[in-house]
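The values are calculated or read from the model by the stated rules, or taken from the named source; none is laboratory data. A quick note: this is a predicted structure, and the numbers were derived from the prediction, not measured. Positions of Cβ are backbone-derived with ideal geometry, glycine not excepted, and every protein chain shown enters the neighbour counts. Surface areas here come from the heavy atoms of the whole protein model, side chains and all, with no ligands, DNA or RNA. Shrake-Rupley method; radii C 1.70, N 1.55, O 1.52, S 1.80 Å.
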Amino acid sequence: MTEQVSRAHDLNKIPDPSVRRHRSALSATFRHTPHGPDVPTPAHDLSRQASLQLDFLIIGGGIAGLAAAYALAASGHRVRVLEQAQGLQFRPGGLRLPPNATRILSYWGVEKEIAQKASTATSSSIMDIKTGRTIGQSTWQGALIEEVGSPYLTVHHADLLQTLHGLASSAGARVTFGAIVESVEPAPDASSESGRSTPITGHGPSTLRPTVRLKTGEVLQADVIVGADGLRSIVRRVVSNDETKPPSTGLNTYMGGVPMSEVCKCAPLKQLADVGWMVWMGDGRVVSGFPVRRQEEMAIHILWEDRCGSTAISRRGEPDSWDPTASLSSIQYKQGQIDPRLRFLLDKAGPVSCQPWIVVPPPGSWVDESESIVLIGDAAHPQGPGTNYGCSLALEDAALLGTLFSRLRSVEQVPTLLYAYQDLRKGRAEAVAALEYQNVRVALSSPARIRDGQVRWTALPADAPNPPPGSGPTDAELAEIAEVWNYYAVDAADEWWVEWGMLRERSMVGRESPAGL
């Protein structure tokens, strides 16, 4: 069985970065003051409006796109979102909102709305996927959550997406559904000639702005195009000039949910659910379950080898996109040995979404050569679907980008702000991705290797009330988690402005003023 599984997926295609190599990148982003309960948040004016308003065209109406739409519109800019689906694209399953994400949602004024829809999970149990034997348990809130000053929540994908759509619309952003983008063209050089296009807001056509061509033939312009179109980003191809298709890892991701009323029908499973987060792992398969919708539903995320070779083909025939109506029958979980509690959980799952778990190399730059197109979310820092920090990184991108552009006073500042966004975000995103990939590689390993210490797992042993030294997370590992959770994107942008942005602005004013004045 193990040999069969090892051929079905290729761990070598999953990056094995040294997390310690990224330690400096993590540390560089954590100069911001922790927002503990007794530490006031540095003053930032959410109502601050840019002196110069731009036209932003955002491609992609998912988490990253709608969050960016709100952040930019709230800063005074004119924003339009293009989403190819006919409406909000809800997916089964849940999202993790660690403190670095909930801090942003609180700042945006939707903390109570999210809390009314979300759940909490204070502990986790990790089991051998075959035998159900406990590998470890961990309680990861308490003092750590108190230190960072913001909660860790889990929320249904649809609930967060609806909240962000409401935020963006209330701020004046316009969301267009059914808008299929066929091509994106950077802003031409000032010396080149280009046909005029229809501006997105009616503020006058320009031959020097980037354009988007829709499937309908309509051509739109903007001052800045934001690529928020995910793993298969069209915009990223323009920015990076890379058309290479990533190889398959042989793994698929499935996301779905089970009503908690069904979970409670299996006493051993309910006992696990009462603890909080459930994780089964090993031999190329990982299943996690966590509560959403105020403990009324158990979201399930599955990473499983693709033995059929074609399970993740969408109804559009695109092998890398989501199939919203997949079935768990394709993973053949009823064949072979599996923890009976997990079998019961999967039996109760309804329709699931499915996507190949691909590893997309990050682009070298998030800003194109014309300095008018920028990437955010998975388009900028691609990660496999269902990761721990993908959603929170997208919210960080949006909050930081919006905060920077609330300072805009002249068109000459646009490249500076775009590159400041990249410089502030790229190192952190790559460092967090390193942590994510390390977790995936560990989870896909043999449970025996984890128990024997051949692979490091930070959960405390369940059968050790007084765990021996080295059996739990090290101080360095706890520090890494704290650093990820302590980060506040708004502070990062404001601190950059104080250190660099104001100096640049003053130097520009000085160059424009007569000598001696």
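Of the residues making up region 376-392, just one is under 21 Å from VAL81 (Cβ atoms) and open to solvent by 20 Å² or more (accessible area, probe 1.4 Å), namely ASP378.
One line per residue, one yes/no per condition, for (1) touching a Pro at 6+ places or on another chain (Cβ under 7 Å); (2) part of a helix (DSSP H, G or I); (3) crowded, with 20+ Cβ neighbours inside 10 Å:
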residue: LEU88; (1), (2), (3): no, no, no
residue: THR102; (1), (2), (3): yes, yes, yes
residue: VAL155; (1), (2), (3): no, no, yes
residue: LEU160; (1), (2), (3): no, yes, yes
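For region 238-282, which residues satisfy the criterion of being part of a helix (DSSP H, G or I) and either in contact with an Asp or Glu (Cβ under 6 Å, 6 or more places away or on another chain) or open to solvent by 30 Å² or more (accessible area, probe 1.4 Å) (or both)? VAL238, VAL239, SER240, MET260, SER261, GLU262, ALA267, PRO268, LYS270, GLN271, ASP274, VAL275 - these are the residues of region 238-282 that are part of a helix (DSSP H, G or I) and either in contact with an Asp or Glu (Cβ under 6 Å, 6 or more places away or on another chain) or open to solvent by 30 Å² or more (accessible area, probe 1.4 Å) (or both).
Residues are listed down the side, and each one gets a yes or a no for (1) in contact with a strand residue (DSSP E or B) (Cβ under 8 Å, 6 or more places away or on another chain); (2) modelled with pLDDT of 95 or more:
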residue	(1), (2)
PRO40	no, no
SER47	no, no
GLY60	yes, yes
ILE63	yes, yes
SER75	no, yes
LEU82	yes, yes
ARG96	yes, no
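Do we have any residue at all in region 417-438 that's outside any helix (DSSP H, G or I), open to solvent by 30 Å² or more (accessible area, probe 1.4 Å) and in contact (Cβ under 8 Å) with a residue 60 or more places away in the chain? No, every residue in region 417-438 fails to be outside any helix (DSSP H, G or I), open to solvent by 30 Å² or more (accessible area, probe 1.4 Å) and in contact (Cβ under 8 Å) with a residue 60 or more places away in the chain. The residue pairs whose first member lies in region 330-344 and is without any contact (Cβ under 8 Å) to a residue 60 or more places away in the chain, whose second member is in a helix (DSSP H, G or I) and among the aliphatic types (A, V, I, L, M), and whose beta carbons are closer than 7 Å, counting only pairs six or more residues apart or on different chains, are TYR333/LEU346.
Candidates are the residues of region 217-237 that are of a type in the set (Val, Ile, Thr) and in contact (Cβ under 8 Å) with a residue 24 or more places away in the chain; the one that is most open to solvent (accessible area, probe 1.4 Å) is ILE234.
Each residue in region 483-507 was checked for being open to solvent by 40 Å² or more (accessible area, probe 1.4 Å) and modelled with pLDDT under 85, and 5 pass. Scanning region 120-143 turns up no residue that is more than 30 Å from GLY282 (Cβ to Cβ), open to solvent by 30 Å² or more (accessible area, probe 1.4 Å) and within 21 Å of the chain's Cα centre (by Cα). Against the condition free of Cβ contacts under 8 Å to residues at least 24 places away in the same chain and at negative phi, how does ASP378 come out, does it pass? So ASP378 fails the test.
Close Cβ contacts (under 9 Å, 6 or more residues apart or on different chains) running from residues in region 170-181 that are on the phi > 0 side of the Ramachandran plot to residues that are open to solvent by 70 Å² or more (accessible area, probe 1.4 Å) comprise GLY178/GLN84; GLY178/GLN86.
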